[in-house]
Amino acid sequence: MPVIDSLWGIAFKDSKPAKVCQWIDCPDAQIEYEKRKMKMCARCNVVRYCSKSCQRLDWSEHKLYCQIPPIMDIAGWMARHKSLFRWALMEGLRLRSEPSNIFQYVLLVELTRMDRLMKGIAPSPFFVESMRLKKYSDIEELIVDPYKGSQKIIEAGGIGQGIVVFKVSEGRPGGYALFRLQYHDFHEKLAGEESPSRTGWEKIARGVVNGEIPIALLSRRIEGPPNAASST
């Protein structure tokens, strides 16, 4: 199932899985698979087998995560979690005490397709691998003037426009790296003071999206300077 963007009405074609037999004890593992005719699992289209025998022998393991790929709509997924990413942006940039950070940093969210992780039945089409602040200048693919979208908001007494950058890895050699942006307008100054928390905003936000942490933790506020990790 390819990733689609319902907002723009486009789809991104999947790359094919590597020509390697999925069964770990395949007797022909030493033979060069590239020269052999192999077939993908007809249900999940994620793995290949060199023979029906290998597929049958691997089924007890493969059935734990084999599933019909869900519709992976990146635009719909971003919209469902928009309020959460707004919270992460607000906490990460410390907009209550340092509103000018909105012009220096973006929130980079790196995703992997859940069907590539083989973690059982997927509760969500995407898995958040990391969530961190990055300087505008550190993301080559981002050609955005941080002040352009904020001008009218600032003139009206607001903070400005923050940006969340989503990077989706296709999860296979030669696959795509898809970038999408989400804009958050902060029309009013944020009231209240940040208070310290033992758990960082990145861990909380990532855990909530991935279904590992209860959403109630979002009521906690985090104090600490922005930590923009360098590009790797």
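The values are calculated or read from the model by the stated rules, or taken from the named source; none is laboratory data. Computed from a predicted structure; not experimentally measured. Heads up, the Cβs are rebuilt from the backbone with ideal geometry, glycines too, and the neighbour counts pull from every protein chain shown. In case anyone asks, the SASA skips ligands and DNA or RNA and just uses the protein heavy atoms, side chains included. Shrake-Rupley method; radii C 1.70, N 1.55, O 1.52, S 1.80 Å.
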Using a 1.4 angstrom probe, figure out how much accessible area region 35-78 has per residue, in square angstrom, rounded to the nearest whole. 58 Å²
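Quote the Stokes-Einstein diffusion coefficient, in whole µm² s⁻¹, for region 1-70, based on the Kirkwood radius over alpha carbon pairs, a temperature of 10 °C and a viscosity of 1.306 mPa s.
Values: Rh = 13.5 Å.
D, rounded to a whole number, is 118 µm²/s.
What part of the accessible area of region 67-114, given as a whole %, is carbon or sulfur when the probe is 1.4 angstrom? Let's see the in-between values first.
Details: 870 of 1600 Å².
That share works out to 54 percent.
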Just the ratio, please: alpha-carbon radius of gyration of region 27-132 over 2.2 N^0.38 Å, N its number of residues. 1.59
Say each of Asn45 and Lys16 gets a label point 7 Å from the Cα, pointing the same way as Cα to Cβ; how far apart are those two points in nm? 1.3 nm
Straight-line reach from Lys37: which aspartates and glutamates have a Cα under 17 Å away, not including same-chain ones fewer than 8 places off? Asp28
Among the aspartates and glutamates, which fall within straight-line cross-link reach of Lys148, defined as a Cα-Cα distance under 20 Å, with same-chain neighbours fewer than 8 residues apart omitted? Glu98, Asp138, Glu140, Asp185, Glu188
Inter-site label distance for Leu117 and Ala177 at 7 Å from Cα along Cβ, in nm: 2.0 nm
